[in-house]
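FYI, it's all coordinate maths here, none of it is from the lab. All figures in this text were calculated on a predicted structure; none of them were measured in a lab. Cβ placement follows ideal geometry from the backbone for every residue including glycine, while neighbour counts extend to all protein chains displayed.
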Amino acid sequence: MSAGASDMAPSGPRGPGWRMRLTPWLLMSPALLIAIAFFGLPIAFMGRMSFNEHVDQRFYVPGFTFDNYAAMLTDPTFSAALWTTMRLALISSIVTVAIGYVFAMLVWLKPKRWRLAFIALALCPLLISEISIIFGWWMFFPKNGLLSYALVSSGLITDKISLMYTEFAAFVGLTYVTLPFCFFILLSIFDGIDKKVLEASADLGGSPVRTFYEVLLPLTKGGIAASFAQSFIWAVGTYATPSALGPDTLWTIGYLIQEQMLGKHNWPRAAAFSIVLTSGVAVVMMIIRMLASKRTALNG
Amino acid sequence: MADTNALELDGLRRAFGGVVAVDNVSVDVRRGEFVTLLGPSGSGKTSTLRLIGGFERPDAGAIRINGSRVDHLPAYQRDTTTIFQTGALFPHKTVAENVAYGLRMRGVAKADIAPRVRQALEVVRLSGYEERYPAQLSGGQKQRVALARSMVVRPTILLFDEPLSALDLSLRLQLRAEIRRLHDEIGFSAIYVTHDQGEAMAMSSRVAVMRSGRIEQIDRPEKVFAEPASEFVYTFIGESCCLRAQVSAGAAADSAGAPLELRLAQPLGEGAWRIYIRPSRLHLGRADMPNGLKARLDFTEFLGDVHRYHFKAGKLELFVDHPGAVVHKPGDAVDIGWQTADMVAYQ
């Protein structure tokens, strides 16, 4: 994959060398065009929007100001929301990856006949819209909800409790939504591993725990990074689940953007928030990619 | 310790669902012995190996390594190492790290690991490949790393699970000779599973021929070839022609009832017989030999050292390997003769 144009180009005179250098770009051009049209342009528009000015009764007026970015530095609501979002996304992603890892490993290790049932189970949340899932949790967490009834009738607690509108409910909701993505990413990584290496490790004297740390974990490192990134991006960006299940004070950046956009009709401010959020996610992605070593890239 | 066997299998049995994969298998492997389990696929040879390695648990019977019972121990606590069919190298570890793995797991002192790894790679002729990853090796090199990785821990018994069957022919022959050389030099004890009788004959101290989970015969390769204990062993080891003859009132007929011109020095009793002879022990144009059959030449094949003559006699088909130029034409009726000692007959 790293074989660039210069590696392939013969060291001959100008003419063919130029063509060789152009070929990879020409081959990439359809994909590049799509990426620019569908991802590059919207972000460019959003970037431009974030420098516009805002007056009452108008979404925006064209202009060039850094006010929207400056507001973020001075506004305690924004920094609090940034912190809340990161914390929520980080914890729920770690929990999601942990659960998804165990789940994917079991599906990989169990006999084939279990596989389809597990996969169907993991697909279920993907078939339902986020809003429907939220309604589901509304029947699960409140005082008269399923959870409360289950805990009381099993004798674990004596009084009905409500976990609705708590940070815990927001965590559970986020984890539930991102779990299937993590599961499928990790399962595809596990499926690429020859199960015989586990036997080889045991055969050479590696206990199950050492086999996990020496063989399985290094071989799935890339998958852990990818599924963590997937889950983190989703958790950072989504606003419906945390704001519908969490407490009123749980202000995430997603919620703030929504509020600026739909509530206060301040498009430039919403765009500036979004740019910061997008850049933050990009930085996290780059860190994750750097942490996932080259060795994993080489041996997949 | 010197007088105990490296490995003893005593009445091993393992069933999967209703299928008995390993049925009352008993084998002793003496120290330094190279025993091959030979059989067609599904004969239980790999299942037997997996029982020894600890990847499956026996339903009944005992496994003893160095005289002590191990069948309750998990794989990682048994003094065996396996060379897998696919190598099963750790793809994220270098060659040196792969070979060092077993030493590290067994708690060998750090200072001793590097020289032992170096020596093991020297033995399999892969010095200089320490820092490569498995993905950068050819199939034969991978298997040699697997061999080094398993041998370096000096287990009581090495287990080979068809390690050469995924390689092409010339590499197979080369590695086969190399494993043989290592065995002669180092004198490890081994169980080698294969369906390739050539491998079994070339490498083994003793061959155990397996069929449907049972051992049909276990003996030195020469003995198994010369004196097969059963019809199955006879047909599985080496090539053979099978003459199916119906004998009644002293006359032989083929399966359709057409009479055969079959002469036998020792007449067979009434009934359906299967007479086996090796194609190299059949002689062309020899009506003077104690046993004989008149058959019609169908076609010939050139095999290099010999021509293979395919004959038909009624419903019977047989072939004869004969050196020298082809003298018969298709359609010719030819006398085929053989010595009484070269044939076996089963009813």
> Any idea which of B:Ala325, B:Phe232, B:Ile275 is furthest toward the positive side of the dipole for the stretch B:216-330, if Lys and Arg beta-carbons carry +1 and Asp and Glu beta-carbons -1?
Replying inline: B:Ala325
> If the cut-off is 13 Å between C-alpha atoms, which aspartates and glutamates fall inside it for B:Lys312, apart from same-chain ones fewer than 8 positions away?
Replying inline: B:Asp254, B:Glu261, B:Asp298, B:Asp332, B:Asp335
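Ranking request for peptides A:70-78, A:234-242: highest mean number of other beta-carbon atoms within 10 Å first, then the rest in descending order. Show your work: numbers first, answer last.
On the way: A:70-78: 12.3, A:234-242: 21.9.
Listed from highest to lowest mean packing, they are A:234-242, A:70-78.
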> Quick one: if you stick a label point 7 Å off each Cα along the C-beta vector at A:Leu116 and A:Ala31, how many nm between them?
Replying inline: 3.4
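Helix-only mean residue ellipticity at 222 nm, chain A, DSSP H runs n ≥ 4 weighted -39,500 (n - 2.57), per residue, nearest 500. What is it?
Helix-only estimate at 222 nm: -22500 deg cm²/dmol.
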> Among B:Met151, B:Ile186, B:Ala111, whose Cα sits farthest toward the positive end of the charge dipole of the stretch B:93-186 (+1 at Cβ of Lys/Arg, -1 at Cβ of Asp/Glu, about the Cα centre)?
Replying inline: B:Ala111
> What are the semi-axes of the equivalent ellipsoid for the protein assembly as shown, taken as the square roots of 5 times the Cα gyration tensor eigenvalues, largest first, in whole Å?
Replying inline: 70, 31, 27
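Applying 1/(1 + (r/R0)^6) with R0 = 30 Å to the Cβ-Cβ distance of B:Ala333 and B:Asp305, what FRET efficiency is obtained, to the nearest 0.05? Walk me through the numbers on the way to the answer.
On the way: r = 26 Å, r/R0 = 0.87.
Once the sixth-power term is evaluated, E becomes 0.70.
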> In square nanometres, what is one fourth of the surface area of the convex hull spanned by the alpha carbons of chain B?
Replying inline: 21.9
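If you average the sequence gap of Cα pairs under 8 Å that are 6 or more apart and divide by the length of chain A, what percent do you get for the contact order? Present the calculation step by step, with values, prior to reporting the outcome.
Numbers: 329 pairs, mean separation 77.6, N = 300.
Over chain A, the number comes to 26 percent.
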> Using a simple charge model, +1 on the beta-carbon of Lys and Arg, -1 on the beta-carbon of Asp and Glu, nothing else, what dipole does the protein assembly as shown show about its Cα centre, in debye to the nearest 20?
Replying inline: 780
> Okay, helix-only estimate at 222 nm for chain B: each DSSP H run of n ≥ 4 adds -39500 (n - 2.57), divide by all residues, round to 500 deg cm²/dmol; what do you get?
Replying inline: -7000 deg cm²/dmol
>> Is there a quick way to get the dipole size of chain B? I mean about its Cα centre, with the Cβ of Lys and Arg at +1 and of Asp and Glu at -1; what is the value in debye to the nearest 20?
In response: 920
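Just to verify a number: FRET efficiency for B:Ser212 and B:Arg154, C-beta to C-beta distance, R0 = 25 Å, to 0.05? All intermediate terms of the calculation are to be shown ahead of the outcome.
Values: r = 35 Å, r/R0 = 1.40.
The computed FRET efficiency comes out at 0.10.
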> Among rounded, prolate and oblate, which fits the stretch B:156-305 when a ≥ b ≥ c are the square roots of the eigenvalues of its C-alpha gyration tensor, a/c under 1.5 means rounded, and a/b larger than b/c means prolate?
Replying inline: prolate
> From the residues A:Ser154, A:Leu186, A:Gly173, which one has its Cα farthest along the dipole of the stretch A:153-217 in the positive direction, the dipole being from +1 and -1 charges on Cβ of Lys/Arg and Asp/Glu about the Cα centre?
Replying inline: A:Ser154
> How long is the gain from B:Glu261 to B:Lys312 if the chain were fully straight, where each residue apart is worth 0.36 nm and the alpha carbon distance is subtracted?
Replying inline: 17.2 nm
> Rounded to the nearest 0.05, what FRET efficiency is calculated for B:Ala111 and B:Glu222 with R0 set to 45 Å and r the Cβ-Cβ distance?
Replying inline: 0.45
>> Please compare each pair in A:Lys112/B:Lys93; A:Lys195/B:Lys142; A:Lys110/A:Lys195; A:Lys195/B:Lys45; B:Lys223/B:Lys294; B:Lys45/B:Lys223 to a cut-off of 23 Å on the Cα-Cα distance and tell me which ones are over it.
In response: A:Lys112/B:Lys93; B:Lys223/B:Lys294
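Need the full-extension length gain, B:Arg125 to B:Gln77, defined as separation in residues times 0.36 nm minus the C-alpha distance. One decimal, nm.
Values: separation 48, 0.36 × 48 = 17.28 nm, distance 2.94 nm.
Additional length available on full extension: 14.3 nm.
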> Taking neighbour Cβ counts within 10 Å as the exposure measure, how do B:Ile336, A:Ile99 sort from fewest upward?
Replying inline: A:Ile99, B:Ile336
> Within the stretch A:228-242, whose backbone N sits under 17 Å from a point 7 Å along Cα→Cβ of A:Leu291?
Replying inline: A:228-236
> What is the Cα centroid distance between the stretch B:117-156 and the stretch A:57-90, reported in whole angstrom?
Replying inline: 59
>> If neighbour count is taken as other Cβ atoms inside 10 Å, put A:Phe141, B:Phe16, A:Phe51 in order from fewest to most.
In response: B:Phe16, A:Phe51, A:Phe141
> How large is the convex hull of the Cα atoms of chain A per residue, expressed in Å³ as a whole number?
Replying inline: 216
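Counting other beta carbons within 10 Å of each residue's own, what order do A:Lys264, B:Lys93 fall into, fewest first? Intermediate values should be presented prior to the final figure.
On the way: A:Lys264 12, B:Lys93 22.
Exposure proxy ranking, most exposed first: A:Lys264, B:Lys93.
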> Most mobile of B:Asn291, B:Asn66, B:Asn98 per a Gaussian network model of chain B (Cα springs, under 10 Å)?
Replying inline: B:Asn291
>> In the stretch B:131-149, whose amide N lies under 16 Å from the spot 7 Å out along Cα-to-Cβ of B:Leu171? List them in ranges.
In response: B:133-148
> Bin by bin, in steps of 5 Å, what percent of the Cα pairs in the stretch B:56-105 do you find, going until the bin that has the longest distance?
Replying inline: 4, 15, 21, 20, 16, 12, 8, 3, 0
>> If I model a spin label as a point 7 Å beyond the Cα along the Cα-Cβ vector, how far apart are those points for A:Asp191 and B:Asp342 in nm?
In response: 5.7
